[in-house]
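Worksheet: one structure, shown below.
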Amino acid sequence: MERTEFLKKISSTIFASLLLPALLNNDSGAKAQNHSEVSLPEMPKLPEPTEDEDVLIRMMRDLQRALKKPLEARKWSMVIDLRKCVGCHACTIACAAENKLPDGVIYRPVIEEEIGTYPNVSRRFIPRPCMQCEKPPCVNACPVNATWMRKDGIVEIDYQQCIGCRYCITACPYGSRVFDSGHSYVADAPRKEEAYLSGEGASVYEKTPAFEYGKETPRKEGKSPIGNVRKCHFCLHRIEKGLLPQCVVSCIGRATYFGDANDPDSLIAELISKPNIMVLKEEMGTKPKVYYLM
């Protein structure tokens, strides 16, 4: 295949991911809520495998293969290569844009850590999404069963059920959950131009519905998800449309990988088997599905 044609295919795949919100509807969300199978959309057509293909193409191929399996047969997992992460925070910004996150809500922070002993010191950057634990302490901590683990391993939150007690925030050893206090980026702006506002002191961006957990989620004052706990969900709405999580496609260093760990032929399963793989706070016994390459 000619290089130009190959690059066009990659570009069209990534461009399609940016148009995803327009393709979503409430039906897919209802099915995901009930842990049942979703009807497969028409998947992006991928080029034939090559030895030097971009890892995004291979991961998309793995993803499409996993979607053909029953929900309970999948194990969505993520691997982050700390040797490649440069601390650009592109994944953090891309996540916020994809999920229309308001001021004070971050799903994928990048922690900066100093390692070594002076004068031989360096910095390490650790992206920290929700770990999607196999034994999530947040689930048992919720007094109203507003959070649970789906059959494919993603820990989900029901905003309508959540009472905002924040017990799950305390229970999470990774600090992966955050409370939506209703803050707005423009609330204290000295000049509020009508072109950028949509009433009630919130920006158009913040009032645009997101599609968390496959459901349309508008953000309105006094209504969920304001007053609820929120967190990363592996861009479930993208996965079920055959697209990779936004943090994966936005990583400039190709440091983030995603796929079905139950598929022995997948890239993610290959990476998890590496001897230099680790998880955060292994001693907690939560069995995270986010791994790190050291």
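The values are calculated or read from the model by the stated rules, or taken from the named source; none is laboratory data. Source: prediction; values computed, not measured. Here Cβ is always computed from backbone atoms with ideal geometry, including for glycine, and neighbour counts include all displayed protein chains.
Quick grid of which residues meet (1) crowded, with 20+ Cβ neighbours inside 10 Å; (2) modelled with pLDDT under 95; (3) hydrophobic (A, V, I, L, M, F, W, C):
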{"residue": "LYS220", "(1), (2), (3)": "no, yes, no"}
{"residue": "CYS235", "(1), (2), (3)": "yes, no, yes"}
{"residue": "SER250", "(1), (2), (3)": "yes, no, no"}
{"residue": "ASP263", "(1), (2), (3)": "no, no, no"}
{"residue": "LEU267", "(1), (2), (3)": "no, no, yes"}
{"residue": "LYS289", "(1), (2), (3)": "yes, no, no"}
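Would you point out the residue of the range 269-287, among those that are of a type in the set (Asp, Glu) and exposed (fewer than 13 other Cβ atoms within 10 Å of the Cβ), that is nearest to the chain's Cα centre (by Cα)? Don't jump to the end; show me each part of the working.
First, pick out the residues of the range 269-287 that are of a type in the set (Asp, Glu): 270, 282-283.
Those left that are additionally exposed (fewer than 13 other Cβ atoms within 10 Å of the Cβ): 282-283.
Numbers: GLU282: 21, GLU283: 24 Å.
Ranking the candidates gives GLU282 first.
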Residue that is nearest to SER181 (Cα to Cα) [pool: residues in the range 99-139 that are among the β-branched types (Val, Ile, Thr) and modelled with pLDDT of 95 or more]
VAL105
Could you pull out every one of the helices (runs of 4 or more DSSP H) wholly within the range 213-294 that has 1 or more residues that are free of Cβ contacts under 8 Å to residues at least 40 places away in the same chain?
267-272
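Which residue is surrounded by the fewest Cβ atoms within 10 Å (Cβ to Cβ), if the candidates are limited to the range 114-168 and must be touching a residue at least 12 places away in the same chain (Cβ under 8 Å) and at positive phi?
Residues of the range 114-168 touching a residue at least 12 places away in the same chain (Cβ under 8 Å): 123-147, 149-168.
Filter once more, keeping what is at positive phi: 132, 145, 153, 164, 166.
Numbers: GLN132: 27, ASN145: 10, GLY153: 21, GLY164: 16, ARG166: 15.
Looking at the filtered set, the residue picked out is ASN145.
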Test: SER273 is at pLDDT below 95 and of a type outside the set (Phe, Trp, Tyr):
no
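Please enumerate the residues belonging to the range 241-261 that are among the small types (Gly, Ala, Ser), under 15 Å from LYS84 (Cβ atoms) and touching a helix residue (DSSP H, G or I) at 6+ places or on another chain (Cβ under 6 Å). So that I can check it myself, show each step before the final result.
Restricting attention to the range 241-261, the residues satisfying the condition of being among the small types (Gly, Ala, Ser) are 242, 250, 253, 255, 259, 261.
Imposing the further condition that a residue be under 15 Å from LYS84 (Cβ atoms) reduces the set to 250, 253, 255.
Residue satisfying the conditions is SER250 alone.
Farther than 25 Å from ALA97 by Cα and either among the hydroxyl-bearing types (Ser, Thr, Tyr) or modelled with pLDDT of 50 or more (or both): does that describe GLU42?
Details: farther than 25 Å from ALA97 by Cα: no; either among the hydroxyl-bearing types (Ser, Thr, Tyr) or modelled with pLDDT of 50 or more (or both): yes.
No; evaluated as a whole, the condition is false for this residue.
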If I ask for residues that are aliphatic (A, V, I, L, M) and at pLDDT 90 or above, which ones from the range 177-209 would you list?
VAL178
I'm trying to understand the selection: among the residues of the range 78-96, which are of a type outside the set (D, E, K, R), outside any loop (DSSP other than H, G, I, E, B) and touching a Ser or Thr at 6+ places or on another chain (Cβ under 9 Å)?
MET78, VAL79, ILE80, ALA90, CYS91, ILE93, ALA94, CYS95
Counting only residues that are basic (Lys, Arg) and under 20 Å from ALA171 (Cα atoms), which one in the range 98-155 is nearest to the chain's Cα centre (by Cα)?
ARG108
Kindly indicate whether ARG65 is among the basic types (Lys, Arg), within 17 Å of the chain's Cα centre (by Cα) and surrounded by 14 or more Cβ atoms within 10 Å (Cβ to Cβ).
no
Under 7 Å by Cβ, and 6 or more places apart or on different chains, what pairs join a residue from the range 94-112 that is over 26 Å from ARG83 (Cβ atoms) with one that is among the β-branched types (Val, Ile, Thr) and at pLDDT 95 or above?
VAL105/VAL178
